Amino acid sequence: MDNDFKEFQNEWNNNKNNIELSPNGINTLYDKIKKKEKANYFFYYGTIIILLATLIVISLFFYYVAPVKEILSRIGAGLMICGLIVRIGIEIISIGKAKRMNTIHNTLTATENTIRFHQFRKVIHSIVAPIIVGLYTIGFYMITPEFSLYISRWNLLLIDISYIVIAIILFFVIRKGIKKEMVILSEIMDLRNEITE
């Protein structure tokens, strides 16, 4: 990636005197970039709000409704809560990184930051998020033995099955959002490259 960027930077430096772009054309490209970036910010803030609401509900549930007493259950609750906190932290970091890629006064820096941010989000979606979801799921099922002491077997089975059904539905909804985000980031990279060509 660094070699590609250095080649791109050399080409820019060699040809920058020959570039003739109309101010209106550049402004149109910047407007398109801003619109796409705004859509991604909406996605990041929306994700934070949903995760924060989930964190609050789960924390209140374990504190007031069903305070877990067994060590295994406490570890499970801890995995669930910590997973949500880490994911919220990642989204906050993503917003900071996204703001860094908005360097309009230096298009080459902005293009490089956009490429790095795209790679960062790919790692988050393909490696980090699945690990967090896996740990969250393990935590959920670690609580089941203690809940079986207080909930009938059929109700517990219904809860366990509904978790799987909800997880499948959420998987497809989240996957759709992730694909949309990655397409928007690719489009932003293309627009930034158009400005520097």
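The values are calculated or read from the model by the stated rules, or taken from the named source; none is laboratory data. It should be emphasised that the depicted structure is a prediction, and the values quoted were computed from it without experimental measurement. Heads up, the Cβs are rebuilt from the backbone with ideal geometry, glycines too, and the neighbour counts pull from every protein chain shown. Just so you know, the surface numbers come from the protein's heavy atoms only, side chains and all, with ligands and any DNA or RNA stripped out. Shrake-Rupley method; radii C 1.70, N 1.55, O 1.52, S 1.80 Å.
Just to check I understand the Karplus step: with θ = phi - 60° and J = 6.51 cos²θ - 1.76 cosθ + 1.60, what whole-Hz values come out for segment 32-44, glycine and proline as x?
After applying 6.51 cos²θ - 1.76 cosθ + 1.60, I find 5, 4, 4, 5, 5, 5, 4, 4, 5, 4, 4, 4, 5 Hz.
Could you run the Karplus curve 6.51 cos²θ - 1.76 cosθ + 1.60 with θ = phi - 60° over segment 171-181 and give me ³J(HN,Hα) per residue in whole Hz, x for Gly and Pro?
4, 6, 5, 5, 4, 4, x, 5, 4, 4, 4
For R74, tell me the accessible area in Å² from a 1.4 Å probe, rounded to the nearest 10.
Probe radius 1.4 Å; accessible area of R74 about 140 Å².
What list of ³J(HN,Hα) couplings, whole Hz, do you get for segment 123-129 from phi and the Karplus terms 6.51, -1.76, 1.60, once you set θ to phi - 60° and write x for glycine and proline?
Residue by residue, segment 123-129 yields 5, 4, 6, 8, 10, 5, 4 Hz.
Considering only protein heavy atoms, with the full assembly of protein chains and a 1.4 angstrom probe, order Y163, Y141 by accessible area, largest first.
Y141, Y163
Setting aside same-chain residues fewer than 8 positions from K180, which lysines have a Cα under 30 Å from its Cα?
The qualifying lysines are K6, K32, K34, K35, K36, K38, K97, K99, K122.
For the pair C82/A129, report the inter-label distance in nm, with labels modelled 7 Å from Cα in the Cβ direction.
2.3 nm
Sort 131-139, 119-127 by packing, meaning the average of other beta carbons within 10 Å per residue, with the highest value first.
131-139, 119-127
Give the separation of the Cα centroids, segment 120-141 to segment 142-163, in Å.
If we compute the Cα centre of each part, the gap is 23 Å.
I'd like the accessible area for E70, computed on protein heavy atoms only with a 1.4 Å probe and all protein chains in place. Round to 10 Å², please.
Approximately 100 Å² of E70 is accessible to the 1.4 Å probe.
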